[in-house]
Structure formats: structure tokens, C-alpha cells
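**Q** Below you'll find the structure I mean.
Computed from the coordinates by the stated procedures, all read-outs in this text should not be read as laboratory data. Values in this document were obtained by computation on a predicted structure and should not be read as measured data. All Cβ positions, glycine included, derive from the backbone under ideal geometry; neighbour counts span all protein chains shown.
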Amino acid sequence: MAQRLAKRFYDSVTVTGVDGQWQILLDGMQLRTPGKLKLYVPTKSLAEIIAREWDAQTDRINPSLMPVTRLMNVAVEQTPDRRAALIAEARRYAETDLICYRAPEPRILKERQSAAWDKWQVWAAAQGVELLTTESLQAVAQPNESLKAVERFAASLDDLHLTLFVHFVAVFGSIVLAMAVMKGVLRSEEAFDISRVDANYQIELWGEDEEQAEITAALRDETHILGTVLEETHWPNL
């Protein structure tokens, strides 16, 4: 059964600063999370992005069209109590990172994987996250020191950026690509494209239905939008 969307219940959306933080106001009332916590954001520009998401809603409020609002809701409501679990999740992804699993054949796919992924594997090693590759379907054991480095990186992030990091990891299937985005050396939509090497090869072979193409395009757009959160919060500052 399709989810019923709530009716738009407000006319105006504004932004105001309070004690160094920023609020989004709906008809003058502070925006709250689904759990009724007051929502504060660290910068005016980020608050304005969220305000635009709310202002863009028409007769019904569609959360699927509000990625930054959803991100902030999770960061405020869930992440503070789930930091250890999220850090552990990041470590698990590092154990099976996308870029570590290479096709034994055909040659064209091997070359595409190498062209897209090798430089980021080298970059990660320079960050202390040296990961091994394999052409086997079986998982390859990754160095414990590299996994610890992933944990340290995740633990260094505040709640908002830890939430964003783990989201990127899940979208890309790669700790390495997500770290590169968080450190400001790779744009989020570029990382998305890099993570799609295998999928795009399969599409070339077998085609892609229109619905799946729309889903992929929407996910790429959302990934780009969420990448702007780093810019609007003046990140990275590691």
C-alpha cells in the first residue's frame, strides 16, 4: 500500500539564527524532527537548503524529495545513540569494499575497473587504509590496521557528518570512495559514477528498463544534493 502523504499545513518558510545556530520556521514555528525534537543546523546556508525543500512542497509533503531534511532528522534523532553501531558498520563495509573485488574477465571490464578504481586504492593507502584486491568471489581478509584506521576516521566525525559518511558508504558500496568525498578530494556525484562501473557494463550488455534508469538518475541527483552539505557546513575540516 502506498504511503499517504501529509497535507502541506503551512504557508511561509523562513530561516532565523539563534545563539550561533539556525532554525527553519514554518509559519513562524520551529521545524521539528519526526520525533518532535527541535531542529537546529550549524550554518545559515544549510538551513536555507532545508527551507527550500519545505517551500518546494505543494499540496502534499513528500519526504522522498527532501534528502537534506531526512539527513538532518537522522543525524539529530538517531545518530547520537547509534555512533558505535555506525562506526562498526563502516568497518564492515571496509572488509568488502567495492573497489577490492575485480573481475577476472572480460578484459574490457578489468580495464575499466582498473582505470576507475586503482588511483583511489592508492589514495586510500596513503590515508592509512591499505586494502587488498582479489579476483575471487570469496572475501579477502583486510589488514586490521586499515580497518582500525576506518574506525578512527568515522569516530572523528560529528553526528551530522558521520550520518552522511555512512550514507555515502552504503550508496557507493565503498569506504574508500566515501572517505574521498568526505575529505573533499572527490565530488559525491563523481564517486557515484565511479561506483557504477560494473553496473554500467551490465547495462551495455543487457540494457536497462526505463523505471530502473529513473531510479538510478534520481539516486545520483540525491547524492549530488547531499554532497553540497559538505560545502555548506565548511567541511572537510579534518
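**Q** Enumerate the calculated ³J(HN,Hα) couplings along region 24-35 in order (Karplus 6.51 cos²θ - 1.76 cosθ + 1.60, θ = phi - 60°), each rounded to whole Hz, writing x wherever the residue is Gly or Pro.
**A** So the Karplus estimates, Gly and Pro as x, are 10, 10, 9, 6, x, 9, 5, 5, 10, 6, x, x Hz.
**Q** Taking H placed 1.01 Å from N in the peptide plane, check which residues at least 5 places from residue 174 or on another chain put their amide H under 5 Å from its amide H.
**A** So residue 174 has HN proximity to 98.
**Q** For the chain, what is the mean residue ellipticity at 222 nm derived from helices alone (per DSSP H run of n ≥ 4: -39500 (n - 2.57); sum divided by total residues; nearest 500 deg cm²/dmol)?
**A** Rounded to the nearest 500, it is -18500 deg cm²/dmol.
**Q** Amide H to amide H under 5 Å from residue 8: which residues, 5+ apart in sequence or cross-chain, H placed 1.01 Å off N in plane?
**A** Hits under the 5 Å cutoff: 60, 61.
**Q** Across the chain, where is the longest run that never hits trypsin sites (Lys or Arg not before Pro) in a DSSP loop with at most 12 other C-beta atoms within 10 Å?
**A** 37-238
**Q** With +1 assigned to the C-beta of every Lys and Arg and -1 to the C-beta of every Asp and Glu, and no other charges, what is the dipole magnitude of the chain about the Cα centre in debye, to the nearest 20? Present the calculation step by step, with values, prior to reporting the outcome.
**A** Values: 25 positive and 35 negative charges, 136 e Å.
Computed charge dipole of the chain: roughly 660 debye.
**Q** Right, something else. Taking Cα centroids, how far is region 61-81 from region 108-146 in Å?
**A** 32 Å
**Q** Next question, about the same structure. What list of ³J(HN,Hα) couplings, whole Hz, do you get for region 41-58 from phi and the Karplus terms 6.51, -1.76, 1.60, once you set θ to phi - 60° and write x for glycine and proline?
**A** 10, x, 9, 5, 5, 5, 4, 5, 4, 5, 4, 5, 4, 6, 5, 7, 5, 9
**Q** Along Cα→Cβ, 7 Å out, is where each label goes; now give me the distance between the ones at residue 209 and residue 44 in nm to one decimal.
**A** For the pair residue 209/residue 44, the computed spacing is 4.9 nm.
**Q** Region 2-35 to region 156-224: how many Å between their Cα centroids?
**A** About 29 Å separates the Cα centre of region 2-35 from the one of region 156-224.
**Q** Which of 134, 212, 9 sits closest to the plus end of the dipole of the chain, meaning its Cα is farthest towards the positive end, when Lys and Arg get +1 and Asp and Glu get -1 on the C-beta?
**A** Positive-end residue among those listed: 9.
**Q** Do any GluC sites (Glu not before Pro) in region 107-180 lie in a loop, going by DSSP, with at most 12 other beta-carbon atoms within 10 Å of their beta carbon, and if so which? Show your work: numbers first, answer last.
**A** Working: sites: 111, 130, 135, 145, 151; in loops: 130, 135.
When the GluC sites (Glu not before Pro) of region 107-180 are filtered for loop state and at most 12 Cβ neighbours within 10 Å, 135 remain.
**Q** Under a Cβ-only charge scheme (Lys and Arg +1, Asp and Glu -1), can you give me the dipole magnitude of region 20-132 about the Cα centre, in debye to the nearest 20?
**A** 100 debye
**Q** Same structure, new question: Calculate one ³J(HN,Hα) per residue across region 60-65 by plugging θ = phi - 60° into the Karplus curve 6.51 cos²θ - 1.76 cosθ + 1.60, and present them in order as whole Hz with x for glycine and proline.
**A** Rounded to whole hertz, the list is 10, 8, 10, x, 5, 9.
**Q** Sticking with this structure for a sec: Which is the longest part of the chain that has none of the chymotrypsin sites (Phe, Trp or Tyr not before Pro) sitting in a DSSP loop with at most 16 other Cβ atoms within 10 Å?
**A** In short, 11-238.
**Q** Could you give the size of the charge dipole of region 13-63 about its Cα centre, using +1 on the Cβ of each K and R and -1 on the Cβ of each D and E, expressed in debye and rounded to the nearest 20?
**A** The dipole magnitude comes to about 180 debye.
**Q** Quick check: residue separation of residue 139 and residue 123 times 0.36 nm, minus the Cα distance between them. What number comes out in nm? Write down the numbers at each step before the final one.
**A** On the way: separation 16, 0.36 × 16 = 5.76 nm, distance 2.17 nm.
Between residue 139 and residue 123, full extension yields an extra 3.6 nm.
**Q** To the nearest 0.05, what FRET efficiency results for residue 7 and residue 199 with a Förster distance of 30 Å applied to their C-beta separation?
**A** 0.20
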